[in-house]
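Just below is one structure, and these are the notes that go with it.
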Amino acid sequence: MAAKHALNIVKMKKMKREGEPLTMITAYDYPSAKLAEEAGIDVLLVGDSLGNVMLGYDTTIPVTTEDIVYHTRAVARAAQHTFIVADLPFMTYHGSIDETLRTVRRIMQEGHAHAVKMEGGAEIAPTVEAIVRAGVPVLGHIGLTPQSVNQIGGYRIQGKDEADARRLLEDAKELERAGVFGIVLELVTEEVAGAITAEISVPTIGIGAGRKVDGQVLVFHDVLKYASDYREKRFVKTYADIGSQIRTGISDYVSEVKSKAFPEEKHVFAAEDGVLDNLYGKGKVESRS
């Protein structure tokens, strides 16, 4: 089978024009990225959601540049034929442009990402423009922006009234003018997400944003219920229950070791005849007598 070629931003815009949906999923390590690529995913996102699902934080705010670089590098080693986007962590793009570009450089050079993702609208457009001018593709992210969860008052649906809808549409247009190649719409009402999608020329990728966007993104661990005490989410469809299978498998392993049912005969290796005799010096003792 011929090797898959990674998408690029030109092909993604072409997919929007032709009505072909984009598929995106998060990946934080080598095996998950490898499996996702083999499954045919279009885009991998090394999201700062790794803070919640991999590192045990309550929010994405504690995630550092070092965390993103480390995980992106592992994903890039696994998925060499898939477009990889990495999040810019909390407060790494709200200072000077020089400081921001140093962070971007690390993620691109050390992490081997193909693009970066940034949360925010019109207020970050000048920074987006500077990064794009430097030659780095940027994926925007508006609606619910987890890095600002404390400011917006929790995980609330966006675009429920006219003023909020107008703000989101203007944010999307400002990001498009700044040069983003696409925009993630998170927890946005379907009507508003559809209106934004129709108004801009770059792809929209929804997570909890309904059916009228150009693509969908979900968290790897949500798709597979890869968690303990998994909490159902209305906007997520799970396609497998890996968490339960992992728990059952490890539980069975513990039980069999405790009962001495494992290892069985087929799991052991035999030495050649006489190895133990020579090992313990039996032959030497007999020769002296």
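The values are calculated or read from the model by the stated rules, or taken from the named source; none is laboratory data. The structure presented is a predicted model; accordingly, all values stated were derived computationally and were not measured. Ideal geometry is used to build each Cβ from the backbone, glycine not excepted, and the neighbour counts take in all protein chains shown.
A few comments on the model shown:
- The range 1-39: number of residues that are out of contact with any strand residue (DSSP E or B) (no Cβ under 8 Å at 6 or more places or on another chain) and assigned to a loop (DSSP other than H, G, I, E, B): 9
- Within the range 40-59, the set of residues being β-branched (Val, Ile, Thr) and out of contact with any strand residue (DSSP E or B) (no Cβ under 6 Å at 6 or more places or on another chain) comprises Val53, Thr59.
- Residue within the range 210-222 that is aromatic (Phe, Trp, Tyr), under 22 Å from Leu144 (Cβ atoms) and modelled with pLDDT of 95 or more present: yes
- Condition met for Val104 (of a type in the set (Val, Ile, Thr) and assigned to a strand (DSSP E or B)): no
For (1) more than 22 Å from the chain's Cα centre (by Cα); (2) not assigned by TED's automatic domain parsing to the domain that holds Leu22, each residue gets a yes or a no:
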{"site": "Ala195", "(1), (2)": "yes, no"}
{"site": "Glu199", "(1), (2)": "yes, no"}
{"site": "Ile205", "(1), (2)": "no, no"}
{"site": "Arg211", "(1), (2)": "no, no"}
{"site": "Leu218", "(1), (2)": "no, no"}
{"site": "Asp229", "(1), (2)": "no, yes"}
{"site": "Arg234", "(1), (2)": "no, yes"}
{"site": "Tyr253", "(1), (2)": "yes, yes"}
{"site": "Glu272", "(1), (2)": "yes, yes"}
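- Number of positions in the range 87-123 that are more than 16 Å from Gly47 (Cβ to Cβ), crowded, with 20+ Cβ neighbours inside 10 Å and touching a residue at least 40 places away in the same chain (Cβ under 8 Å): 1
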